[in-house]
Amino acid sequence: MPAVTETLETVQSVTEQGYKWGFETDIEMEFAPKGLNEDIVRFISAKKHEPEWLLEWRLRAFKAWQAMEEPRWAAVKYPPIDYQDAYYYAAPKRKAAPKSLSEVDPELLRTYEKLGIPLKEQELLQGIAVDAVFDSVSVATTFKERLEKEGIVFCSISEAVQNHPELVRRYMGSVVPQGDNYYAALNSAVFTDGSFVFVPKGVRCPMELSTYFRINAKSTGQFERTLIIAEEGATVSYLEGCTAPMRDENQLHAAVVELVALDEASIKYSTVQNWYPGDAEGRGGIYNFVTKRGACRGARSKISWTQVETGSAITWKYPSCILQGADSVGEFYSVAITNNHQQADTGTKMIHLGPRTKSTIVSKGISAGQGQNTYRGLVRIGPKATHARNFTQCDSLLIGDRCGAHTVPYIENRCMTAKVEHEATTSRIAEDQLFYCRQRGLSEEDSVGLIVNGFCREVLKELPMEFAVEAQKLLQISLEGSVG
Amino acid sequence: MLKIEGLTAEVEGKPILNGVDLEVPQGEVHAIMGPNGSGKSTLSYVLAGREGYEVTGGAVTFRGQDLLAMEPEERAAAGVFLAFQYPVELPGVGNATFMRTALNAIRKSRGESELDAMQFLKLARQELKSLSMPEDMLKRGVNVGFSGGEKKRNEILQMALLRPALAILDETDSGLDIDALKIVADGVNALRSPESSTLVITHYQRLLNYIVPDRVHVLVQGRIVRSGGPELAKELEAQGYGAIQAAA
Amino acid sequence: MTALATGTAGFLARFEGLRDQLPGARRPWLNALRADAAQAFAAAGFPSRRVEAWKYTDLAPIAQAGFAEPLTAVNGDVALPARIVPARAVFVDGRFRGDLSNLKDVPFRAGSLAQHLGETQGRLGALAGKGALDALNTMLFEDGLIVDVPEGVDGGVLELVNVAAPSERPFAFHPRHLIRLGRNARLTLIETTTGEAAAPYLHNPVSEIALAEGATLIHGRLQQEAASAFQLSAVHAELAQGATYDNFTLNAGARLARNEIHAALAGPGGACHMNGAQLLSDGQHADTTTFLDHAAPNCASRQTYKSVLAGRSRGVFQGKILVRQAAQKTDGYQMNQALLLGPEAEMDSKPQLEIYADDVKCSHGATVGELDAEQLFYLRARGIPESKAKAMLVEAFLHEAVETVADATLRDALMGAVDAWWTQQEGLAA
């Protein structure tokens, strides 16, 4: 059963008793004035009733950010961002939510239909008042109980700061230090919320933390901060995003995700992101600049990143693994599509510090239209990473002759017993292949979909099952109109 | 079933087919033989609707419909099947997935119900058995790492599943040893029926010992210059194409 | 002031002091060329590690060395490497030595650039790049090899020998080589650079190679500079329709060497094969940076580079392949392999692809590691002692690279150099 249907049925079962709270519209809109300065940072911290240590933390990050320069080295071009021309806390709604689906852009609805998203979910995504009114707190309660039984904490970062401050203090900023890069510093100063997951020793999280996330992610924050901690022997699988195209008022998204895996722990983090890519001329799309890093602190720990990126005007993200613990494993599986005028500069960094650490990188880039797709990867083997192993496979598929596919791998090996293997290939959808499929009865669109999915197969099979199916459909839709 | 009248076609501006006339009645097997460069493969690509092969004149009627006006997948849905001479590879696309998708696309266009994975597998297993092909062929990528013989057999397997009304076999025997040839021929023969027709395109007579045609046509410089019964093939084998080419 | 800045200022001062004595000082076009280069060099300076193309190679040691030797020709005897073929052009400290050369039976024009400067207006600098290496050379070159092989002529094999004469003080020389082959002409050029200076020297050669339609140049380079020397070299080749450029570079000497090869496939149907081997022992740093520009359709390129790193050494390989939108049906392949023989060796590799055309076959591979344990075991299980087994595998690794060289003379010369290097390593290990 698709995750979406399960979600709604659960919601409905919970709502059978009826609700006290109506659906919120434009009531409480407290917001900070435009711009970014120390006062705004204080305002945010105060609004969230944060302890002193966290305010200090934010201010340090803010000072660091002021001293930094925006990076311009990625192979992406975009007009300069005015950081003072934005709201950093609760932007007022400029438009009222549509009253029914008939007010929604039919293009968007067509996409929802193709992705197989049921009507109710469509309404939810558009912020339309639903009959089965539910309160996010109530639904949260149901799942929370199930998780609490195991000792698992899954809540917002804000809640975690209040209820588990020692955990937050110990781990936040330990994987991505404030001064790590421009966007991480910005995020550390003004982050408003995000997810916090803590799985105690020896516990296997009994459910994919994705179903739950769907409900909570009605409006994704601009500066999200996520922290996932898996103690010794713990396992957890977390899915971020959804296949439905997400529009947002805010153009810049600069999230920070930190993962910590102790001895024998395993964290699987999957992302299916379909941010609004801008119109066919490339205007108005989302800029997605994210810092994601996982620390394999413990021996035999494992962190696995899987991503399907089909949206956003500009993507700049390098989910990375620091392989510290002996025998730890880092994996990166990625499909990135750029069509029309999209630009993606994405890849990974695998830093091997401990002995017998292993990393696998499989990156599939698909360029169509005038899209520019760059894989940028770093494999660094430190002198103590004896017998470390890396295998990288980087494949590009070009559709049409107006797009570009680029590969920029950095391989740095300081350990003689380590072995690094890197391979990159470029191909296109050959006419022979298309004709073969069509002669067998498949339409051109279906043929392209079939071949592209075949190309991405290795990556798609790493996704949690219910999303693999949606991801396949998503790939096909993203390439509409690109062939011929 | 198939009626070709005065068909002329060009490839990259060069005329290859120069007025082909051919009629293949329902239920019959016709062979097209000819020297290299005579236009055999071009004819099969034109019938299947491949881009780059430009029809400059003439008409092709398939089961009463104007074949040349149809897209490749529409021709497939109408019942045309081309067994390629050099089947292409589709990395990452599972053989079973591919065939089921194609079968269902064709069934859908005919208003028939689609098969689910289990139903398809059952059907596929049957065909594999009768073709003496191993079941693991279904799990492999389409033609990926297949030997020449395996690729040809994969084409016949698809033919068995899609049950076309008109099967065009483009030099199916090239690159096959006798044993593989027999398996392929057995497969083709098993699919012969009064409702379907087959067009066998070949350079050598050998295949026609196993797939015995009702009529044999000789294609030289883009035109059919002679037609006859199965004995014409043997005559060609004995004498070569020289005499016929000279006369053309 | 940083070392790089001092170095930059130092070379600029040197240029100011010498500009009136440099060859061609009375030719306005050459003066203008040199002045522009000086301006460019002043603006950019010696590249720091923050410049992407110089990320892995630090030029501070060169900048720090301070080269101040005046221009004096060395006319006496110098030790020359063993002769490979009869025809050879010899340069000592970057200046042509007619007495040590043998160009009399050569069926094409070959000689000293300084003696033919007048005719090179418009040609000199046409293919050189805009980077620091090239600017430095343009500023300060005195001489170099000029070669013109006329249409249809097979020039046979020519040796180009560059020797750095022994000196007490650090010195620098910047030869500029202009090689031109006419339509369907052929030439095999074997370039050897050696030195036995007591003081460190900087050898900064820049070659501009123009290959007309159908021409073929086989270019073998043996870099065997003195152990304390620095080499900053750049080769720029432009291939017209159907031309072929085969480059094999063996990098075995110098304390710090940067070997840049830029090849542009400007006409359809061209072929470029760039292969090489970097042999590094203790204390050495070698950087091979290649740039292959597929600007026209139907061209093929192949690159195979092997590096063997012993002791505390650092190897760098940066190979960029650009396939422009018009370059459909490109067939490009690049392989870069490194063997680390000791715990203090480091290899940095950055194979890059920038592709704008879709009907292309373009791939690259890179591996870095140590000798294969399975292979070692197999040899030992057959009775071969460990050290011998290792030697066999390293030799096999290197020979694989050299085997790609079609020209027998060149191949033998390279094989000899490789074996000599390995013997020396074994001697060090014993």
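The values are calculated or read from the model by the stated rules, or taken from the named source; none is laboratory data. Remember, it's a predicted structure, so these values are computed and weren't measured experimentally. No Cβ is skipped: glycine too gets one built from the backbone with ideal geometry, and neighbour counts run over all protein chains shown.
Details
- Of residues in the stretch B:66-91 being farther than 18 Å from B:L199 by Cα and in contact (Cβ under 8 Å) with a residue 40 or more places away in the chain, the one farthest from the other protein chains (Cβ to nearest Cβ): B:E89
- Tally, over the stretch C:324-351, of residues that are in a strand (DSSP E or B) and either within 8 Å of chain A (Cβ to nearest Cβ) or closer than 18 Å to C:T404 by Cα (or both): 15
- Residues located in the stretch B:11-29, provided they are out of contact with any Pro (no Cβ under 6 Å at 6 or more places or on another chain) and crowded, with 19+ Cβ neighbours inside 10 Å: B:I16, B:L17, B:V20, B:L22, B:V24
- Subset of the stretch B:137-154 (residues that are of a type in the set (G, A, S) and over 21 Å from the mean Cα position of the chain (by Cα)): B:G141, B:G145
Every residue, every condition in (1) charged (D, E, K, R); (2) out of contact with any Lys or Arg (no Cβ under 6 Å at 6 or more places or on another chain); (3) in the same structural domain as A:T310 (by TED's automatic domain parsing), yes or no:
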| position | (1), (2), (3) |
| --- | --- |
| A:I366 | no, yes, yes |
| A:L378 | no, no, yes |
| A:K384 | yes, yes, yes |
| A:C394 | no, yes, yes |
| A:R402 | yes, yes, yes |
| A:A405 | no, yes, yes |
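- Of all residues in the stretch A:284-311 being in a loop (DSSP other than H, G, I, E, B) and touching a Phe, Trp or Tyr at 6+ places or on another chain (Cβ under 9 Å), the one that is nearest to A:V256 (Cα to Cα): A:I286
- Entirely in the stretch A:172-267, the strands (runs of 3 or more DSSP E) that have 3 or more residues that are more than 19 Å from A:L463 (Cα to Cα) and at pLDDT 80 or above: A:195-199, A:225-230, A:256-261
- Test: residue in the stretch C:225-236 that is within 18 Å of the chain's Cα centre (by Cα), over 17 Å from C:R176 (Cβ atoms) and without any contact (Cβ under 8 Å) to a residue 60 or more places away in the chain: yes
- Flag for A:G330 being in the same structural domain as A:C415 (by TED's automatic domain parsing), under 28 Å from A:L262 (Cα atoms) and part of a loop (DSSP other than H, G, I, E, B): no
- Evaluating C:D148 against the criteria (1) modelled with pLDDT of 90 or more; (2) farther than 20 Å from C:T216 by Cα; (3) out of contact with any helix residue (DSSP H, G or I) (no Cβ under 6 Å at 6 or more places or on another chain); (4) buried (at least 19 other Cβ atoms within 10 Å of the Cβ) leaves one unmet condition, (2).
- For the stretch C:100-111, the set of residues classified as surrounded by fewer than 18 Cβ atoms within 10 Å (Cβ to Cβ), closer than 22 Å to C:F141 by Cβ and not hydrophobic (A, V, I, L, M, F, W, C) consists of C:R109, C:G111, listed by residue number.
- Given (1) out of contact with any Lys or Arg (no Cβ under 8 Å at 6 or more places or on another chain); (2) closer than 30 Å to B:R110 by Cα; (3) of a type in the set (A, V, I, L, M, F, W, C), number of the condition B:L22 does not satisfy: (1)
- Taken together, B:K129, B:K122, B:K151 contain a single residue that is within 14 Å of chain A (Cβ to nearest Cβ) and either crowded, with 22+ Cβ neighbours inside 10 Å or not polar (S, T, N, Q) (or both), which is B:K151.
- Tally of residues being among the hydroxyl-bearing types (S, T, Y) and either within 14 Å of chain A (Cβ to nearest Cβ) or in contact with a helix residue (DSSP H, G or I) (Cβ under 6 Å, 6 or more places away or on another chain) (or both) across the stretch C:356-389: 3
- Some residue of the stretch C:398-415 being in contact (Cβ under 8 Å) with a residue 12 or more places away in the chain, of a type in the set (V, I, T) and not in a helix (DSSP H, G or I): yes
- If you go through the stretch C:124-152 and keep only what is more than 16 Å from the chain's Cα centre (by Cα) and assigned to a strand (DSSP E or B), you end up with C:I146, C:V147, C:D148, C:V149.
- Qualifying residue in the stretch A:353-366 (condition: part of a loop (DSSP other than H, G, I, E, B) and over 23 Å from C:D348 (Cβ atoms)): no
- Flag if C:R97 is in contact with a strand residue (DSSP E or B) (Cβ under 8 Å, 6 or more places away or on another chain), surrounded by 14 or more Cβ atoms within 10 Å (Cβ to Cβ), free of Cβ contacts under 8 Å to residues at least 24 places away in the same chain and under 29 Å from C:E119 (Cβ atoms): yes
- Strands (runs of 3 or more DSSP E) contained entirely in the stretch C:153-241, each with at least 1 residues that are within 24 Å of C:A401 (Cα to Cα): C:154-164, C:186-195, C:206-211, C:216-224, C:230-239
- Qualifying residues in the stretch C:198-213 (those that are surrounded by fewer than 22 Cβ atoms within 10 Å (Cβ to Cβ) and without any contact (Cβ under 8 Å) to a residue 60 or more places away in the chain) - the one nearest to C:W54 (Cα to Cα): C:A199
- Meets criteria (within 7 Å of chain A (Cβ to nearest Cβ), more than 23 Å from B:V188 (Cα to Cα) and free of Cβ contacts under 8 Å to residues at least 40 places away in the same chain) for B:R110: no
- Which numbered condition B:R63 misses (of (1) more than 8 Å from chain A (Cβ to nearest Cβ); (2) of a type in the set (D, E, K, R); (3) free of Cβ contacts under 8 Å to residues at least 60 places away in the same chain): (3)
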